[in-house]
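Below is one structure; the comments refer to it alone.
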Amino acid sequence: MTEFWVSSGHHLTQRHEGGGLAVTDELILAYLARPELMPPDEACAAERALHASLMAEPRRPVSAEDLRAIADADARENWEVMLAFRDRLLAARSVEAAYLALVRGGLQNVPGLFLNQLCHLILRNALDGCDDPHVLRAAELFFRPQRVSLHEGAVLLADAEVIEAREGSSPLSPLVSMLGKEAANELDVLNDDNAWTYWSRSDAFTMALNLNGAKARVGLARAIEAYVGHLLNTAIRVEPRDGLEDPDWRWFVGLDAEATRIGNALWNGEALDAAARERLLAVFALTFADPARVDPRVGERPVYLLLAMNAQKTVTLKPHNLVVGLPLALDRAA
């Protein structure tokens, strides 16, 4: 099997018999090694001692007194957030169960960075064995914001962090010129000819995606199926649609904040202006293999999934909307 997404930390975990990932000491240590938690040169003795003790024993209890002893208020807050997150992970039977508890509990002040990292890890587990770069590149939307460019019928998505890191550089490739003034000249649009290169650059996030391409949309549909099937233990089928013309649509899930706003407007019978229509990038129809598990108000009708960009032409997918937004009863995590 070809390896991908090493940066997810998948190699730091172990899989349970049920398919979920165990929270290991190695995974906790990876969080403790983040630059936000590494004590700087000016850190007080209490913070240094706390960090050293956790690196030696990552599961050890930390008291309120330990935290109050940290002199710097910002550092103290960072540690409070991190340790609350660590304790939620350790209390769960798997990474997946911890993620479900967090998103069903209203996110509980967990930083978006941590949620994205968990989603990255869970998708790496769910897509283990996937040999289709189109699926994997589309799945990056779940945990990496994307910069959008509309050009001659193409909807090009490029990793926002990669683009921003290269802004102001030169020379510009044609693709990067379309995306702005960024100089990420190693960016290629994923296609059949260069798909083989994805494996060596999957952790660099340097391939752009044409969301208007059939393989890209089908790839995102398959990624959604893997995510929902793995987390909620329910079989679904997701298919791209050209638009939302169904006169009897019963339920929708916005895959991002802008898509939710657009969906709510449509649900309330409001007409979309030209700008809103342009921001709506993709529509999918989701159906359940077992309609008996679905809210009776939906029955066998499809659930529509909407994907949109914001006014700044950025897509920030919120995959947890699928967990809390689908018309299913609570399910057991993997």
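Excluding P145 itself, calculate the net charge of residues whose Cβ lies under 12 Å from the Cβ of P145, where each Lys or Arg counts +1 and each Asp or Glu counts -1. Before the final figure, lay out each step's value.
Working: positive: R144, R147, K313, K318; negative: E140, D159, E161, E164, D256.
Here the charged neighbours net out to -1.
How large is ³J(HN,Hα), in whole Hz, for each residue of segment 220-236 in order, when computed from phi with the Karplus curve 6.51 cos²θ - 1.76 cosθ + 1.60 and θ = phi - 60°, using x for Gly and Pro?
Values per residue, Gly and Pro as x: 5, 4, 5, 5, 4, 4, 5, 4, 5, x, 6, 7, 9, 6, 9, 7, 9 Hz.
Roughly speaking, what is the stretch gain from A84 to E164, that is 0.36 nm per residue apart minus the C-alpha to C-alpha distance, in nm to one decimal?
25.7 nm
Can you compute the modelled spin-label distance between L113 and W196, with each label point 7 Å from Cα toward Cβ, in nm?
Between L113 and W196, the label points sit 3.8 nm apart.
Assuming a viscosity of 1.002 mPa s and a temperature of 20 °C, what translational diffusion coefficient in µm² per second does Stokes-Einstein assign to segment 1-49, Rh being the Kirkwood radius over Cα pairs?
On the way: Rh = 13.2 Å.
The estimated diffusion coefficient comes to 163 µm²/s.
Under a point spin-label approximation (7 Å from Cα along Cα-to-Cβ), what is the E239-D203 distance to one decimal in nm?
Result for the modelled spin labels: 3.9 nm.
Compute a Gaussian network model of the chain, connecting alpha carbons closer than 10 Å, and tell me which residue from T314, T197, T206 fluctuates the most.
Residue with maximal mean-square fluctuation among T314, T197, T206: T197.
Taking the dipole about the Cα centre of the chain, with the C-beta of Lys and Arg at +1 and of Asp and Glu at -1, give me whichever of G19, A56, V148 is farthest to the positive side.
G19
Springs between alpha-carbon pairs under 10 angstrom, Gaussian network model over the chain: which of P247, P145, P39 fluctuates most?
Maximum among the listed residues: P247.
Considering the Cα positions of segment 236-334, please state its Rg to one decimal place and its Dmax as a whole number of Å.
13.7, 42
Compute the length gained on full extension between E3 and L150: take 0.36 nm times their separation in residues and subtract their Cα-Cα distance, giving the result in nm to one decimal. Write down the numbers at each step before the final one.
Values: separation 147, 0.36 × 147 = 52.92 nm, distance 3.19 nm.
Here the answer is 49.7 nm.
Nearest 10 degrees is fine. How inclined is helix 73-91 to the longest principal axis of the chain, computing both from alpha carbons?
70
I'd like the FRET efficiency for E300 and D132, computed as 1/(1 + (r/R0)^6) with the beta carbon distance as r and R0 of 35 Å, rounded to 0.05. Please list the in-between numbers first.
Working: r = 29 Å, r/R0 = 0.82.
With a Förster radius of 35 Å, E is 0.75.
If you place +1 on the Cβ of every Lys and Arg, -1 on the Cβ of every Asp and Glu, and leave all else neutral, what size is the dipole of the chain about its Cα centre, to the nearest 20 Debye?
Working: 33 positive and 47 negative charges, 142 e Å.
About 680 debye.
To the nearest 10 degrees, how steeply does helix 45-56 sit against the main Cα axis of the chain, on a 0 to 90 scale?
70
With n ≥ 4 as the cut-off for DSSP H runs, can you work out [θ] at 222 nm for the chain, using -39500 (n - 2.57) per run divided by the number of residues, rounded to the nearest 500? Before the final figure, lay out the partial values.
Values: 14 runs with 134 residues, N = 334.
Mean residue ellipticity at 222 nm (helix-derived): -11500 deg cm²/dmol.
Mind checking segment 190-288 for GluC sites (Glu not before Pro) that DSSP puts in a loop (not H, G, I, E or B) and that have at most 12 other Cβ atoms within 10 Å?
Details: sites: E225, E245, E258, E270, E278; in loops: E245, E270.
Sites meeting the loop and neighbour criteria: E245, E270.
Of A195, A308, A69, which has the largest mean-square fluctuation in a 10 Å C-alpha GNM of the chain?
Maximum among the listed residues: A69.
What order do T234, T2 take when sorted by accessible area (1.4 Å probe), most exposed first?
Details: T234 10, T2 70 Å².
Ranked from most to least accessible, the order is T2, T234.
What is the extension gain from A64 to E77, computed as 0.36 nm multiplied by their sequence separation minus the C-alpha to C-alpha distance, in nm to one decimal?
Details: separation 13, 0.36 × 13 = 4.68 nm, distance 1.19 nm.
Full extension of this stretch gives 3.5 nm more.
Hey, can you rank 57-64, 250-257, 298-305 by average C-beta count inside 10 Å, highest first?
Details: 57-64: 11.1, 250-257: 20.5, 298-305: 18.4.
Answer by packing, highest mean first, reads 250-257, 298-305, 57-64.
Using a Förster distance of 25 Å, how high is the FRET efficiency between N212 and T287, based on the Cβ-Cβ distance and rounded to 0.05?
After rounding to 0.05, the efficiency reads 0.60.
Rounded to whole Å and sorted largest first, list the principal axis extents of the Cα atoms in the chain.
In descending order, the Cα extents are 62, 56, 43 Å.
The values are calculated or read from the model by the stated rules, or taken from the named source; none is laboratory data. What you are looking at is a predicted structure, and each value in this text was computed from that prediction instead of being measured. So basically every Cβ, Gly included, is an ideal-geometry build from the backbone, and we count neighbours across all protein chains shown. Protein only, heavy atoms only, side chains kept; ligands, DNA and RNA dropped before computing areas. Shrake-Rupley method; radii C 1.70, N 1.55, O 1.52, S 1.80 Å.
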